[in-house]
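Here is the structure we will look at, set down as structure tokens.
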Amino acid sequence: MGHKLKNTLNYKKINDCHQSSNIQKEFKLQQFFIIMAELRRVLRLFDVTLAGIGLILGAGIYTLIGIAASSSGNATWLSFLISAIIVIFTGLSYAELSSIFKGNAGEYNYLSIAFNRKFALLTSLSIIFAGFTSASAVALGFAFYLSSLIKIPIIVGAVLLILLMTFINFKGIKESNRFNKFSTMVEFAGLIIIILLGITKFGSVNYLEMPNGFSGVFSSAALIFFAYLGFEGIIKLSDETKNPQKIIPKALIYSILITAVVYILVAISAVSVIGWEELANSKAPLATVASAVFGPWAFFLLGIIALFSTSNTVLIILVTTSRMIYGMAKTKSLPFVFSKVHEKTRTPYIAILSLMAASILFVLIGNLKFIANLTNLFLFFTFASVNLGLIVLRYKCRYKKRGFVCPGNIGKFSVIALFGFLSSLFMFVYVIFNLITI
């Protein structure tokens, strides 16, 4: 049985791209990522799109909109739009790649075939770094909202959240999933409330008021990209999706578009209600928007919603990143000790505890803007690599059947992937500028 399975895997890998023996060797690496037991394919387009929205919507909008407003003013909505366009470019590249390669190995799979295993490993490590830095940034955002409701030091609140979410992560995926479902509904409701509060005041301010010009808008866009974190995780649902080569790409694009519309409307509503100056000076920006209309009780309500949103995002990051560390350890890309699984909870406890320690370490920096920008630095490197990977794979795997083809092509060359690569590179430079000027 083992020999038959091995021969089947090798046959599929060799025929995937009709390329050189070097490419065939890279395909052999992918056997570590193939799920040997068949998962039930039950997810339809609506299910995957909804899951995608849940992955994207989160703490970024609750924690960073105030900081973004300090640079982009009333034009904060434009920063969200610019980030969304960059996300769509990269999302289209992910959509085509997910339709070419089966399974849920993701970036490592794509880049090891496009380039080599070392570069794929470097990108995977970049994603892991983005994982614990983003958990730290969101934990600080949680602490800002918590400190506005009760008197507690920011660092203490952030560390307590990471400890609590680590405990839930350690307990098991069922507990994590329950908390995630409830929190997603709560955080989405909070954003809808903000949009409804601002509808009657749409048009009350100049939405192109930019205190720092377009430079400030792009600076905010580089920061706000953090709010779209998670869209790339949709490809991980392919093994449980019906006809994934068609549904995954569509769901990915739909979820990005829907989320972008929600974010832009929230940004417009926020500056319409209180203006960018007050928004920028608030440690609990969306709660401040609500209280401006309904008073202190609304501040408390939105504060509670923000706490659910931020804690849920931290949990999702800790779960997905710890599983990635575990998976890489199983392939010996990371020390094997990270692949150890606890006997009772059946969770990768070494990976979980290590991730907790790294997240707490960055929390101690205490600067939300710095840590969020650092996260984006890793993300833009990853997305630039993925876009470049698609360009290369168009030629290396030119005979491979595609369920989705990224639009905007000149022959086999993907113009969209080129835009995604260049825009990610451009924003990478802007993030460095942000980090230098903090």
Could you work out the helix-only [θ] at 222 nm for the chain, with each DSSP H run of four or more residues adding -39,500 (n - 2.57) and the total divided by the number of residues, to the nearest 500 deg cm²/dmol?
-25500 deg cm²/dmol
Ordering 197-206, 69-78, 301-310 by per-residue average of other C-beta atoms within 10 angstrom, highest first, gives 69-78, 301-310, 197-206
Residue separation between residue 117 and residue 330 times 0.36 nm, minus their alpha-carbon distance, gives in nm 75.2 nm
Among the listed pairs 181/246; 118/369; 151/369; 151/171; 118/332; 283/369, which have their C-alpha atoms separated by more than 19 angstrom in this model?
181/246; 118/369; 151/369; 151/171
Fully extended contour minus Cα-Cα distance, from residue 342 to residue 214, at 0.36 nm per residue
41.0 nm
0 to 90° range, to nearest 10: angle between helix 415-437 axis and the chain longest Cα axis:
50 degrees
With a ≥ b ≥ c from the Cα gyration tensor eigenvalues, square-rooted, and the rule rounded for a/c under 1.5, otherwise prolate when a/b > b/c and oblate otherwise, segment 279-438 is oblate
Can you tell which of 182, 419, 299 shows the greatest fluctuation in a Gaussian network model of the chain with Cα springs below 10 Å?
182
What's the FRET efficiency of residue 294 with residue 47 using the Cβ-Cβ distance as r and R₀ = 35 Å, to the nearest 0.05?
0.50
Count charges around residue 157 for me, please; just the other residues with Cβ under 15 Å from its Cβ, Lys/Arg as +1, Asp/Glu as -1.
+2
Please say if segment 79-220 is rounded, prolate or oblate, where rounded means a/c under 1.5 for a ≥ b ≥ c the square roots of the C-alpha gyration tensor eigenvalues, and otherwise the choice is prolate for a/b larger than b/c and oblate otherwise?
oblate
For a quick check, take a GNM of the chain with Cα springs below 10 Å and name the residue from 292, 59, 135 with the largest mean-square fluctuation.
292
So for the pair residue 357, residue 422, with labels modelled 7 Å out along Cα→Cβ, what separation do we get in nm?
4.5 nm
Cα-projected label distance for residue 202 with residue 304, points at 7 Å along beta-carbon direction, nm:
2.9 nm
Just to verify a number: FRET efficiency for residue 398 and residue 429, C-beta to C-beta distance, R0 = 22 Å, to 0.05?
0.10
Loop-resident trypsin sites (Lys or Arg not before Pro) in segment 129-195 with no more than 10 other Cβ atoms inside 10 Å, DSSP not H/G/I/E/B, are 151
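Readers should treat all values here as calculations from the given coordinates under stated rules, not as data from a laboratory. Note that this is a predicted model, so its numbers are computed, not measured. Here Cβ is always computed from backbone atoms with ideal geometry, including for glycine, and neighbour counts include all displayed protein chains.
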